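Written below as structure tokens is the structure these notes are about.
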Amino acid sequence: MSLRIDNVTKKFGDHIAVDNLQLEIPEKGLFGFLGGNGAGKTTTFRMILGLLDPTSGEITWNGQKIDYGKSHLIGYLPEERGLYPKLKVKDQLVYLGRLRGMRKNDIEAEMEYWLDRFEIPHYANKKVEELSKGNQQKIQFISAVIHRPSLLILDEPFSGLDPINVEMLKEAVIDLADNGTTIVFSSHQMEHVEEMCENICILRAGKTVVKGNLAKIKQSFGKKNLNIYGDMPFDSLKTMPGVLRYQEVVGGCKLQIENESVSQEILKSLSGKGFLRRFELEEPTLNDIFIEKVGERYE
Amino acid sequence: MNKFFIVLGHTFFTRLKSKSFLFSTAFILLLLTLFANIDTIVHYFMGDDEGKIAVIDETDELYPVLEKALADLDDRLTLEKFDASEEKGKEAVQSGEYDGLLVISYDEAHFPKAVFYENDAVESWNQMTIEQQLQQIKVALATERSGIDEQTLAAIYEPVQFEKVALDETAKTDEELNAARGIVYIMLFVLYMAVIIYGQMIATDVATEKSSRVMEILISSASPITHLFAKIIGIACLGITQMLIIFMYAIWLFKTKGSELADALIEEFGFSVENLALFIYALIFFILGYLLYATIAAMLGSLVSRVEDVQQLTMPLIFLVMIAFFIAMFGLAAPDAKFITITSYIPFFTPMIMFLRIGMLEIPAWEIGLSITVLIATIILFAWLSARIYRGGVLMYGPSRSLKDIKQAFLLTKKEN
């Protein structure tokens with residue numbers, strides 16, 4: 001029971017948007033998709049949904065191809081938000097819910113729950129165009145989850161939201177995952193993926209750069225971050241072997257080191273030189289991995 | 001299938017409740033009401049236009065004759081003998097006492113001639129009426145003087161007897177032709193309007209869904225083909241509803257307005273049981289014609305990213321309908337022209353031209369069958385093409401206005417490259 005993307009390639013003319021993608025997304029839980037613009041995330045999502053046909057390869061959900069007969073099992077939040085601007089929130093959700101195979105009464109019950117949860121029950125009879133952008137996105141999110149899909153695809157769900165709304169939506173996403181929904185999502189904000197996803201995949205120009213369990217990826221990445229604060233000169237660390245990056249901050253410095261043993265060398269070299277306030281060894285952030293693997297800054 | 005009806009219902013009801021639908025229907029009903037009451041309206045506005053004309057009769061003979069003629073003709077125009085000088089008369093017109101001054105005299109040949117003074121130079125109803133009556137008086141005088149009696153005069157003016165007999169037994173009679181012409185006229189006009197209005201509506205609807213980006217959700221729930229055809233049929237239902245409302249209202253209007261006008265109209269347009277076959281053909285060609293054009297309109301709508309571009313892209317389609325319409329207008333006068341025969345097989349023109357031929361001529365069944373087959377084949381071809389382009393087109397954004405986009409949209413759904 002999982003989403004399998006098997007050797008999938010998608011070409012648009014001469015341009016290869018997705019190149020031989022091989023992924024197994026386990027059932028339940030959150031799976032993060034990362035990649036710069038044009039990396040092939042949206043194209044992959046569209047292929048999963050069956051909006052585009054892969055040039056070669058196959059995508060299956062629980063061993064079966066995803067077609068319109070299964071659309072009630074699947075929820076989708078597109079990157080480009082889209083609702084009928086002139087339609088009332090309620091009519092909108094009823095229409096989209098019915099297209100996902102729901103009955104009107106069930107939709108209204110679910111809608112009430114979600115509108116209450118997002119603290120916008122009074123907008124049910126407003127036209128979408130009258131809502132703020134943040135609230136429109138909440139409606140968009142509701143339209144993706146109202147039919148309780150077992151596979152939920154969220155393309156940049158948090159972009160353009162203020163921090164309060166991001167938290168609200170994040171909680172909802174985590175709740176859904178805890179209740180057994182398989183969620184695939186892409187995000188611009190690296191920290192969201194880092195804090196929410198167990199498994200990730202980084203795409204670059206249609207190719208997989210890194211994939212798998214996030215904790216394992218971090219471990220095997222080898223490089224660590226080292227934060228040191230104290231009353232001593234840190235200049236000498238700049239040229240120490242094993243130090244890859246050196247950044248001075250107020251009262252200390254932040255380093256990236258080749259592996260954890262380098263930290264012990266550094267500790268030795270610093271001892272006796274002054275008062276050492278903090279010395280902490282950190283796992284690399286996803287951002288570090290991304291920069292390393294993709295070779296360019298993300299965003 | 002279920003989703004098909006959900007989309008259909010949604011398309012139908014949102015459009016039905018829209019202001020533009022309500023206004024356009026109300027507007028047409030208003031026009032119909034005005035049209036049915038045209039007599040009353042004309043009378044109401046013309047009622048103000050009473051004319052009092054001062055007449056200086058220098059012949060001392062013609063005034064009573066003219067007055068009698070005008071009294072028989074029109075009670076809105078009254079003549080009044082004016083005994084003062086011409087100058088006084090002109091002043092009276094300028095002061096508004098009279099609406100005009102007519103000076104009648106004889107010319108050298110002793111025929112009536114007249115000068116008419118009015119405040120403005122515009123050719124008025126009064127002027128025309130008086131001129132006509134004077135002309136008749138002149139004719140009467142002339143015939144009388146040359147000694148022609150009334151009977152001879154009547155014989156001269158009587159139209160020649162001319163009867164046409166078609167030797168082909170199956171050819172349509174004059175009555176049938178007139179009736180057919182009426183039906184063909186209505187059908188041409190309704191189809192023309194339907195394609196322009198509802199085709200545009202479909203293209204706009206698709207473009208709206210695309211520009212608001214709701215399309216991506218829609219086609220992830222229901223297949224683009226389901227969506228495309230549900231939309232086309234939904235708008236068709238809307239069109240039928242609108243036409244039914246208008247039609248029912250028209251019938252009610254004519255019924256209550258007294259049967260004279262209604263009967264005349266029904267006769268004129270040949271609504272009778274004998275024409276049932278022609279009505280069925282009208283229905284078939286109307287449905288097929290609508291499907292062909294609507295399918296193409298939906299495809300074009302899926303290619304634009306902004307609603308504003310719809311007009312531009314559907315222009316060629318509108319031109320096509322207009323060309324078909326003009327060919328049909330020509331065909332009404334010469335239904336057996338070679339040109340008409342040929343165009344009746346071109347699918348874009350078939351619904352109008354073949355129907356016209358069926359109405360006006362005796363067409364062998366195989367010809368009708370062939371043209372319908374070609375038309376249906378074309379519709380299927382375009383439906384297939386539209387469905388593919390639609391599927392790709394709705395995912396394509398950016399300025400799109402050219403044929404190149406059709407190719408690109410087509411390729412977007414292609415599996416192998």
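FYI, it's all coordinate maths here, none of it is from the lab. The model shown is predicted, which means the values in this text are computed figures rather than measured ones. Note: ideal-geometry Cβ built from the backbone for every residue, glycine included; neighbour counts use all protein chains shown.
Values computed for the structure shown
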item	result
Three-way shape call for the stretch A:28-175 based on the alpha-carbon gyration tensor, with the a/c threshold at 1.5	prolate
Where GluC sites (Glu not before Pro) fall in DSSP loop in the stretch A:231-264, at most 14 other Cβ within 10 Å	A:GLU258
Cα→Cβ-extended label distance, 7 Å offset, between A:LYS273 and A:ASP162, nm	4.6 nm
Cleavage-rule hits, chymotrypsin sites (Phe, Trp or Tyr not before Pro), the stretch A:246-299, DSSP coil, Cβ neighbours within 10 Å at most 12	A:PHE275
Global form of the stretch B:50-102, assessed from the alpha-carbon gyration tensor, a/c cut-off 1.5	oblate
Over the protein assembly as shown: helical MRE at 222 nm, DSSP H runs n ≥ 4 each giving -39500 (n - 2.57), nearest 500	-17500 deg cm²/dmol
Peptide A:82-93 - average C-beta neighbours from other chains (10 Å radius)	3
The stretch B:100-154 versus the stretch A:215-243: alpha-carbon centroid distance in Å	117 Å
Gyration tensor verdict on the stretch A:145-204 (Cα atoms; rounded if a/c is under 1.5, prolate if a/b is larger than b/c, oblate otherwise)	oblate
For chain A, built as a Gaussian network whose Cα springs stay under 10 Å, the top-fluctuating residue of A:ILE289, A:ILE146, A:ILE228	A:ILE228
Ranking of B:MET193, B:MET248, B:MET215, A:MET102 by count of other Cβ atoms within 10 Å, fewest first	B:MET248, B:MET193, A:MET102, B:MET215
Cα principal axis extents for the stretch A:81-127, largest first, Å	25, 23, 18
Overall Cα dimensions of the protein assembly as shown, principal axis frame, Å, largest first	146, 69, 47
Relative contact order for chain A, counting Cα pairs under 8 Å that sit 6 or more residues apart, in percent	20 percent
For A:GLY69, net neighbour charge (Lys/Arg +1, Asp/Glu -1) across residues whose Cβ lies under 15 Å away	+3
Candidates A:ASP162, A:ASP53, A:ASP91: whichever shows maximal mean-square fluctuation once chain A is modelled as a Gaussian network with Cα springs under 10 Å	A:ASP162
Fewest-first sequence of A:LYS170, B:LYS231, B:LYS3, A:LYS238 by Cβ atoms within 10 Å of each Cβ	A:LYS238, A:LYS170, B:LYS3, B:LYS231
Per residue Cα convex hull volume in Å³ - calculated over the stretch A:38-93	112 Å³
Rounded to 10°, Cα long-axis angle of helix A:104-117 versus longest principal axis of chain A	30 degrees
Charge context of A:HIS192, other residues only, Cβ under 11 angstrom, K/R +1, D/E -1	-4
Sorted by Cβ neighbour density within 10 Å, fewest at the top, the residues B:ILE368, B:ILE148	B:ILE148, B:ILE368
Sparsely packed trypsin sites (Lys or Arg not before Pro) within the stretch A:1-68, loop by DSSP, other Cβ within 10 Å at most 11	none
